[in-house]
Amino acid sequence: MDQKTEDYAARAANASPLELLMMNYELAVYYLNDARDALSGGDCNAFKKYAEGARDYLNLLMTSLDMEYAISKELMRIYIYINGLIIKAETSKSPDFITTAADMLSKLADSYRALDKPDDKNQPQNAQTVYAGLTYKNGKLTEYVEEDAGRGFKA
């Protein structure tokens with residue numbers, strides 16, 4: 001496993017389901033870019049290795065779909081098309097197909113990334129900030145709460 005994949009493995013340990021999905025997209029694009037570079041450089045063995053890695057992550061994206069939803073069926077069609085592009089690149093030795101596949105996956109990843117942004121519109125404007133947690137000291141568990149002293153309305 002290369003360094004980039006190890007970095008992703010470390011990130012995956014604390015990632016949310018959405019972050020894991022985005023990481024699958026990023027790794028698929030990473031492998032596609034490496035496959036394109038290998039193909040442009042004439043290294044067929046490296047190209048096959050990277051194309052296979054990209055297809056592995058594409059397969060993960062396919063198997064993670066919940067086919068009860070209409071959007072999943074549309075995403076499956078896109079993933080199958082992208083897989084076809086990778087196959088065309090393997091048979092024609094043309095990096096253009098890989099570039100198209102990587103661009104499509106990057107756009108899908110950007111769409112999911114937009115979902116990960118916090119929505120400040122629905123946040124209360126005059127909410128109290130409270131920091132809370134549990135601490136363990138001298139054999140007992142205690143709750144820690146830090147509140148804003150200026151709580152409540154001022155008349």
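The values are calculated or read from the model by the stated rules, or taken from the named source; none is laboratory data. These figures come from a predicted structure and were not determined experimentally. Positions of Cβ are backbone-derived with ideal geometry, glycine not excepted, and every protein chain shown enters the neighbour counts.
Being touching a residue at least 12 places away in the same chain (Cβ under 8 Å), β-branched (Val, Ile, Thr) and under 17 Å from Asp37 (Cα atoms) is the filter; apply it to the stretch 78-113 and report the residue that is surrounded by the most Cβ atoms within 10 Å (Cβ to Cβ).
By that ranking, first place goes to Ile98.
Looking only at the stretch 1-51, how many residues end up being modelled with pLDDT under 90, touching an Asp or Glu at 6+ places or on another chain (Cβ under 9 Å) and charged (D, E, K, R)?
Of the residues in that region, 2 qualify.
Here is a yes/no grid of residues against (1) touching a helix residue (DSSP H, G or I) at 6+ places or on another chain (Cβ under 8 Å); (2) more than 28 Å from Glu6 (Cα to Cα); (3) among the small types (Gly, Ala, Ser):
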| site | (1), (2), (3) |
| --- | --- |
| Gly42 | no, no, yes |
| Ala51 | yes, no, yes |
| Tyr57 | yes, no, no |
| Met62 | yes, no, no |
| Ile71 | no, yes, no |
| Leu85 | yes, no, no |
| Thr100 | yes, no, no |
| Leu105 | yes, no, no |
| Ser111 | no, no, yes |
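Is one or more of the residues making up the stretch 60-77 surrounded by 14 or more Cβ atoms within 10 Å (Cβ to Cβ), modelled with pLDDT of 90 or more and either in contact with a Gly (Cβ under 9 Å, 6 or more places away or on another chain) or aromatic (Phe, Trp, Tyr) (or both)?
no
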